[in-house]
Amino acid sequence: MHTIAYEARVEVSRQGTAKIDHMMRIKVGGGPLRTFDLKIADRNVVLPEEAWLVNAREGITAAVPIPVHLDQRPDGDLRVDIDGKRGVGRGVYELRFSYTIDLLRQDAVALDGTMLRLVWTSPRFDDGIDNMKTTLAIPAAPTEPRAAPFRAGGMGEDSTFQDAGAFLTTVTRMPEIDEISLLRPHVAKREGVAWAVRVDAKALGDLNDPRLRPPPAPDPVAAEMPTRDRAMGLGVLAAAALLYSLLVALKHRDVTRAANERGVQARPLIPLGIALRVAFAGPMLAGGVAWQMLAPQPLGGSLLVLGAMLLTCYVPPRRASQARGPGRWLPLNGRDVLRAQTCSRSWLDASTWPGMLALLIASAGAGVGVWQLSRVAIYHAHLAAIDSVVLLALFGTGLRRWLPGDPMRAASEMLRKLADQLKSLRDAKVAVLGRIPTGASVPDEIRLLVRAKNACRGLIALEVGVGWFQGMGGPIALPQVLLRAAEGSPCHEAITARMRSARWVRGRETHERVLVLTPTLPTADAAARLVRRLAEWVCQESKAAPSPPVKVPRPPRVRSQSRAAASSARMSSGRSASTAKPASEPLPFQDKW
């Protein structure tokens, strides 16, 4: 007798039992074959009452089953009696039988990490067999089964792995079961192949064996820290709390100083005094980090870190719009007024280049720390990455770009460029005007005054100033050109004839009309080209048709007022004293500043 093929199917139940179906094909050279022994590795098997031997020849008549009796001998081998020991003659036959085993009694199941290792050993044959296949049907579980190396010498800790040869593996997942098919290309003579797979512990959920339970996870809080490590940890936390409180105090000083320079008040997100915010911000941050690292639930520590971040944040300030007080326009020294003015910078403000540099360095340091921590504890590294958001609260709030624009600094930068470009005008001179508020010695607004030579009559002044537009990132300075002319004068009529859509508004005096022009592009070059064009127009009109002197009407004198009161009434109050025309708009400089 020769064994030419073998195949097995192992159906595992959740209770830890397995039903093993065998199919072996044998070739009988002589006859009759009445009995033979099958060397199986299983012990204490539950044999069925009937088994069958089928002739493997083609044809319906050849498929008549032959009864077979199975019995396990004391040495463990399986005795096969064919047809009451009458036997079979020459031919090829298929023997199909099955039995049931208890995997725990066979020591076929053991704990392997968080999963279970299941091993079943096939029978040994006296002939080499090609393409031996075993299919294991495992109850469905979240984790699919996978092939595992066989551990020789049992399941104990002293056992070693042995090479079981190459396997071809196929996994099929179904709603009720997961099938894993293992194919061995060749099995040598008298070799018992150990088919080992790793399965999810939930697949055998009905087993109640303490040996198959994973060990409990160690309690991170229960372990007592050494005294030296505890002292070092407390020192690091105390230093971190002190450093963060110091940074919060420095941030408050910089934000308050910058807000006072612009005439507004700093607004922290949580309206508490600086002493309380400094006293609580650092300890809350350090305590929250310690809570996250040591406690099993990090929620409380995360709330403490969030509180420290809220104590650090600032919101954009609000500036109440109010009318500007009276003042006088006087000529100023252009060298002193138009000199470059430096803006104050802070290392804790990301809108300035020192603050952006400090933020990049701090972020890089935090990233390196998180990377180093991830090599030891990935969970704590994730917590550290989340806690690094406090850097955004420290560097990304209370920015200088949130403050109202500085009229003097922005105007001096833009007007200095304009003055340099307007020096090339031949028939005009450029001077600097400043508005001095009553009772003050420092101007609150500056403009350029362009005095055109040989200008047509009625031209009072050609001025260049700066207006403000509120953008998404903060206030934006825009150049504006003001042309002042007497109403009904040749200059007024000439400009109106050239610019049909010109909208004149009332000026400082009743006879004065002002035309406000904004360049298409809000740049110094575009404003300079606009001023040159206006200067050329007023000069060309003067040369083309010289007109007689225009008598400028004066406002009627109010007899009930004293001379001082009348002089004060003629002073600019920053807002037009009378209502503008229905189709005109108030002057931006006088309405907003």
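Here are a few things to note about the model shown:
- Descending by average beta-carbon neighbour count within 10 Å, the peptides 44-50, 237-243 line up as 237-243, 44-50, the highest first.
- Dipole axis of the stretch 369-498 (+1 Lys, Arg; -1 Asp, Glu on Cβ), positive-most option in GLY398, THR438, ALA497: ALA497
- For the peptides 424-432, 360-368, 5-13, the ranking by mean Cβ contacts within 10 Å, running from highest to lowest, is 5-13, 424-432, 360-368.
- Two numbers describe the Cα atoms of the stretch 2-207: Rg and Dmax, which are 17.8, 55 Å.
- Put in order of Cβ neighbour count within 10 Å, fewest first, the listed residues HIS492, HIS252, HIS511 become HIS511, HIS252, HIS492.
- Net +/- balance of residues flanking LEU311 in space, Cβ distance below 14 Å, scoring K and R +1, D and E -1: +3
- Assuming charge only on the beta carbon of Lys and Arg (+1) and of Asp and Glu (-1), the dipole of the stretch 2-207 about its Cα centre is about 480 debye to the nearest 20.
No lab work stands behind these numbers, since they all come straight from the coordinates. Bear in mind that the values here come from a model prediction, so they are computed numbers and not experimental data. Ideal geometry is used to build each Cβ from the backbone, glycine not excepted, and the neighbour counts take in all protein chains shown.
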